[in-house]
């Protein structure tokens, strides 16, 4: 005989157990979510709140994804905050977004340096967007230094004392006098040609070549000493900054000294060489004369020998004549 009330109690107990298990699972999930949320807020809450208050608008999921992509979130957030606060982050032409900053970071680029360069260029009224700045940075150039050099030109010594063993350039005028010159070249960076443009070494080499050519075309070293600026004007007129990463602002002659009289020394060396050639020619002629004299003496001795032999034949002929009776003491017919 069955008891309906016992079955009902068992069903209620089973339903109560299942409801308790579901409740436990829900509470565990909520606790897990809360724990993860606390961890996330502890790790990224400060950065997210800083970006939010600065108007940089960096999503929390982006911050979490940066960690998994081996990107330092603080570097990206601070770079974007700097760009936004400087008024260049919202410019559609610069394109400074979180994804582009991450891409440049993953390409081993210097993100803070690029942002500083863009801000400096923006303040100076120069046209420098994020793509060009990132390309310059990835090419191995210091983009921030390039922007600073564009605003504040720098001075390059010609020749460079750190790379050249000679402290001055040596050039010779047409009159043969040597001039030793040390110049200073003021340049500023040409951002349009920074990628692929020649470096400082090329500028120094071209300026040195131009100075030597200008002095070499002068009739006298006195003309150069009277007007040193003629060298600067002549060199600047040659357009030596073509295809380089710099624009030459000015070329100033820092020092000029008179060296040796190379022309006179060369003439003296040439005269000495001509004298040696003349002496060698005279010595050759004297030797030939001595040899000819010895040859004539040998011929004289040879002729004397022939005369002696001929004189020796006379007694022999006379003896033969006596023996044959062909020689008579008196005149014939006596």
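FYI, it's all coordinate maths here, none of it is from the lab. Computed from a prediction, not measured in an experiment: that's the story for all the values here. Reconstructed Cβ throughout: ideal geometry from the backbone, glycine too, with neighbour counts over all protein chains shown.
Got a sec? How would 66, 53, 60 order by Cβ neighbour count within 10 Å, fewest to most?
Fewest-to-most ranking of 66, 53, 60: 53, 60, 66.
Return one number: the angle in degrees, 0 to 90 and rounded to the nearest 10, between the long axis of the Cα atoms of helix 111-123 and the longest principal axis of the Cα atoms of the chain.
Approximately 80 degrees, to the nearest 10.
Which whole-number percentage describes the relative contact order of the range 60-151, with Cα contacts under 8 Å and a sequence gap of 6 or more?
For the range 60-151, the relative contact order is 24 percent.
So what's the angle, to the nearest 10 degrees on a 0 to 90 scale, between helix 4-54 and the longest Cα principal axis of the chain?
40 degrees
How long are the semi-axes of the ellipsoid equivalent to the range 60-151, from square roots of 5 times the Cα gyration tensor eigenvalues, in whole Å, largest first? Could the numbers behind the result be given before it?
Details: eigenvalues 100, 42, 19 Å².
One finds semi-axes of 22, 14, 10 Å for the range 60-151.
So in the chain, what percent of DSSP beta bridges are antiparallel if you round to the nearest 5?
Working: 21 of 22 bridges.
Bridges in the chain are about 95 percent antiparallel.
In which sequence would 98, 186 go, from the one with the fewest C-beta neighbours within 10 Å to the one with the most?
On the way: 98 22, 186 15.
If I rank by nearby Cβ atoms, fewest first, I get 186, 98.
Suppose a student asked you for the relative contact order of the chain, using Cα pairs under 8 Å spaced at least 6 residues apart; what percent would you report?
With pairs under 8 Å counted, the relative contact order is 11 percent.
Would you mind computing, in nm to one decimal, how far apart the modelled labels at residue 33 and residue 317 are, each placed 7 Å from Cα along Cα→Cβ?
15.9 nm
What ranking of 111, 84 emerges when the number of other C-beta atoms within 10 Å of each C-beta is taken as an exposure proxy, fewest first?
Exposure proxy ranking, most exposed first: 84, 111.
Once the convex hull of the alpha carbons of the chain is built, what does its volume come to per residue, in cubic angstrom?
In the chain, the Cα hull volume divided by residue count equals 402 Å³.
Which of rounded, prolate, oblate describes the range 177-334, given a ≥ b ≥ c as roots of the alpha-carbon gyration tensor eigenvalues and a/c under 1.5 marking rounded, otherwise prolate only if a/b is larger than b/c?
Values: a/c = 9.64, a/b = 5.27, b/c = 1.83.
Prolate shape, in that a/c is at least 1.5 and a/b is the bigger ratio.
Taking 56 Å as R0, compute the FRET efficiency from the Cβ-Cβ separation of residue 46 and residue 229 and round it to 0.05.
0.35
Would you mind checking the radius of gyration and Dmax of the range 106-256 based on alpha-carbon positions, in Å?
That works out to 18.3, 62 Å for Rg and Dmax.
Given N residues in the range 194-261, what is Rg(Cα) / (2.2 N^0.38 Å)?
Rounded to two decimals, the normalised Rg is 1.22.
Rank by packing, highest mean first: peptides 310-321, 197-208, with packing defined as the count of other Cβ atoms within 10 Å averaged across residues.
Highest-to-lowest ranking by the protection proxy: 197-208, 310-321.
Do you know the relative contact order of the range 154-261, to the nearest whole percent, from alpha carbon pairs under 8 angstrom that are 6+ apart? It would help to have the intermediate numbers written out before the result.
Numbers: 210 pairs, mean separation 41.9, N = 108.
Once normalised by length, the contact order is 39 percent.
Taking the alpha-carbon centroid of each part, what is the distance from the range 52-92 to the range 249-292 in angstrom?
75 Å
Against the longest principal axis of the chain, how steep is helix 262-324, in degrees 0 to 90 to the nearest 10, with axes from Cα atoms?
The two axes meet at around 30 degrees.
When the helices in the chain are scored as -39500 (n - 2.57) per DSSP H run of 4 or longer and the sum is shared across all residues, what 222 nm value do you end up with, to the nearest 500 deg cm²/dmol?
-21500 deg cm²/dmol
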